[in-house]
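Chemist: Let me give you the structure first, and then I'll get to my questions.
The values are calculated or read from the model by the stated rules, or taken from the named source; none is laboratory data. All values derive from a computational prediction rather than experimental measurement. Every residue, glycine among them, receives a Cβ derived from its backbone with ideal geometry; neighbour counts consider all protein chains shown.
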Amino acid sequence: MLERILVNGLVTSGTYAVLAVGFSLIFGVAKIFNMAHTALYMITAFLIFVGTNQLGFPYALSAVVSVGATIGFGLICYALLFDRVKVHQTAVMIISLAVAMLGQEILLLTLSGHYRGIAPFVTGSIDILGVAVLYQHLFTVLGCLATLFGLWALLTKTNLGKAIRAVAQDSETANLMGINVSRVCLITMGISAGLAAVAAVVAAPLEPLHPGMWMLPLTMILAAVVLGGLGSIKGSVFGAIILGFAETIVVTAVPGGSFLRGAVSLAAMVLVLIARPEGLFGVVFEEERL
Amino acid sequence: MYLEVNGITVLYDRAMVLNDVSFHVDKGELVSLVGPNGAGKSTLLRALAGLIRWEKDTLKGTTLGKITLEGSVLFGGEEMMRLPSHDIAKRGLILCPERGRPFREMTVLENLEAGAYLVKDKGVVKETIDRVYGLFPVLDKRRGQVSGTLSGGERTMLSIARALMSQARFLLIDEPSVGLAPLVKEDLFSRINQVHGMGITILLSEQDIGFAFDLATRNYVMSRGKVIAEGRADDLLADELIRKTYLGL
């Protein structure tokens, strides 16, 4: 059982981590609380499904096209909706939630509410230290790790990454460095949508697809982000790992535990908000205005 | 004239912060802008850097965004009021905000690199980093330190260094000496003088009259959103009315 917890825990927490950093990134930079983040994940998953199962394209091609389409959709949502009401954070939350529900209803109308599945990207399994690990699991974990590493390299090593971090920390001062803040926000939205899409590419074959599949991951990443500290990328990763494993342990070890999946994250969120509202890595910002 | 400001007026909702302000700065000058708290010095510098316009655009649709901004700012013969703030920075007119405002979670070196955002040539970036380390050795010592943990004087120096990284030709320095110990002030004073010596034009807002008058070649006195006097330090100090009413000496 221990090895199953380890493998499944890594798969779950890796996916949540990629989703959570994307959510955290756009919140930190553009102050957009994007409730539609996991809906982007769902849209990619369904696009891949349509590509592989209905149109008969190979997985890789469907994946690339779906990621591109999702990024495009995310950018359109940002430019047409979020950006216009950015100053009003509640409006951003409501509008993004509406986008998510709209996506759900459109999928329900076009593809019906049946559970669907995507065939694994790679079949078969490999023996690692006496444990049979599915190639698909390996693909998911390595894909998540590579994505997180890529994001870290982008944020710390490139000029664009420094601009993104500068805007996240002090958007007004970033202007003075010649950084085009609205363009950086738009690019960040693209990256954030791309991260949600990549999470779907690596994890969708493990998930039953249905138009309500955005809700559970949304509560999970909200909890992970609260646990790690709102706006902290590092915190989101650790929050996702902790919750991913907590969820896996409950599902695997507790009889009938799969019904408690969502309860783990919500309980964790409530506990954190009571005990340490700023989260594990959160910074309490003292206001230092003029 | 290098910088020519004509009739800048700023209203936050119905509160007038700047009332028809006009002045000019020639190339190579170090001009100070003195006056009491609330005179509008910071707002003026922020307007020149395009931040008032940015604030207005960003807060559009809220009560805080009801900002009126009028007037003309010619820098090197080009109108700045129509440009977004990041394009103004591109022209080499750069604001060092009050208290430095470093990017707090980045290290000193990362702050400098962020300052060099506009410079595409890696060689030039390296060269400029060495130059600002020469000018501010304390930043070299703290290069790996997270800038949120710097002292007040170091933050101010970092903001000047960061501005120099983007190849600034004209620095707007907002209240550099605020909250600094006398010895730190002395040190900063000589560093600003050095920066000026490098051929960079400086407009400096300051509440410490002694600091400003010793440093500047020419001064403007501001009060209640207006420029009410202009001149060399001696002339201003000789004027009984200005000395008593506005400088509090």
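Chemist: Sort out which residues of region B:189-207 are polar (S, T, N, Q) and assigned to a loop (DSSP other than H, G, I, E, B), and write them in order of number.
Modeler: B:GLN207 - this is the single residue of region B:189-207 that is polar (S, T, N, Q) and assigned to a loop (DSSP other than H, G, I, E, B).
Chemist: Right, here's the next one. Take B:ILE202 and tell me if it is out of contact with any Cys (no Cβ under 9 Å at 6 or more places or on another chain), surrounded by 22 or more Cβ atoms within 10 Å (Cβ to Cβ) and farther than 21 Å from B:GLY38 by Cα.
Modeler: yes
Chemist: Go through region B:71-123 and give me each residue that's in contact (Cβ under 8 Å) with a residue 24 or more places away in the chain, more than 7 Å from every other protein chain (Cβ to nearest Cβ), farther than 19 Å from B:ILE202 by Cα and in a loop (DSSP other than H, G, I, E, B).
Modeler: Once the filter is applied, which keeps residues that are in contact (Cβ under 8 Å) with a residue 24 or more places away in the chain, more than 7 Å from every other protein chain (Cβ to nearest Cβ), farther than 19 Å from B:ILE202 by Cα and in a loop (DSSP other than H, G, I, E, B), region B:71-123 yields B:MET81, B:LEU83, B:PRO84, B:PRO102, B:VAL119.
Chemist: Which one of A:LEU142, A:LEU155 is among the hydrophobic types (A, V, I, L, M, F, W, C), surrounded by fewer than 20 Cβ atoms within 10 Å (Cβ to Cβ), within 14 Å of another protein chain (Cβ to nearest Cβ) and more than 21 Å from B:ILE88 (Cβ to Cβ)?
Modeler: It is A:LEU155.
Chemist: Is region A:81-93 home to any residue that is within 14 Å of another protein chain (Cβ to nearest Cβ) and closer than 12 Å to A:ALA193 by Cβ?
Modeler: Checked against the condition, which is being within 14 Å of another protein chain (Cβ to nearest Cβ) and closer than 12 Å to A:ALA193 by Cβ, region A:81-93 yields at least one hit.
Chemist: Out of (1) crowded, with 24+ Cβ neighbours inside 10 Å; (2) of a type in the set (A, V, I, L, M); (3) at pLDDT below 95, the odd one out for A:LEU40 is which?
Modeler: Single failed check for A:LEU40: (3).
Chemist: Sticking with this structure for a sec: Would you confirm whether or not region B:136-148 contains a residue that is within 12 Å of another protein chain (Cβ to nearest Cβ), at pLDDT below 95 and out of contact with any Phe, Trp or Tyr (no Cβ under 8 Å at 6 or more places or on another chain)?
Modeler: yes
Chemist: Looking at B:PHE211 and the list (1) at pLDDT below 85; (2) surrounded by 18 or more Cβ atoms within 10 Å (Cβ to Cβ); (3) not hydroxyl-bearing (Ser, Thr, Tyr), which single condition is not satisfied?
Modeler: (1)
Chemist: Then there's this: Any residue at all in region B:175-182 that's more than 12 Å from every other protein chain (Cβ to nearest Cβ), surrounded by 16 or more Cβ atoms within 10 Å (Cβ to Cβ), touching a residue at least 40 places away in the same chain (Cβ under 8 Å) and outside any helix (DSSP H, G or I)?
Modeler: So far as region B:175-182 goes, yes, one or more of its residues are more than 12 Å from every other protein chain (Cβ to nearest Cβ), surrounded by 16 or more Cβ atoms within 10 Å (Cβ to Cβ), touching a residue at least 40 places away in the same chain (Cβ under 8 Å) and outside any helix (DSSP H, G or I).
Chemist: As an exercise: evaluate A:ILE126 against (1) within 9 Å of chain B (Cβ to nearest Cβ); (2) in a strand (DSSP E or B) and give the number of the one condition it does not meet.
Modeler: All conditions pass for A:ILE126, except number (1).
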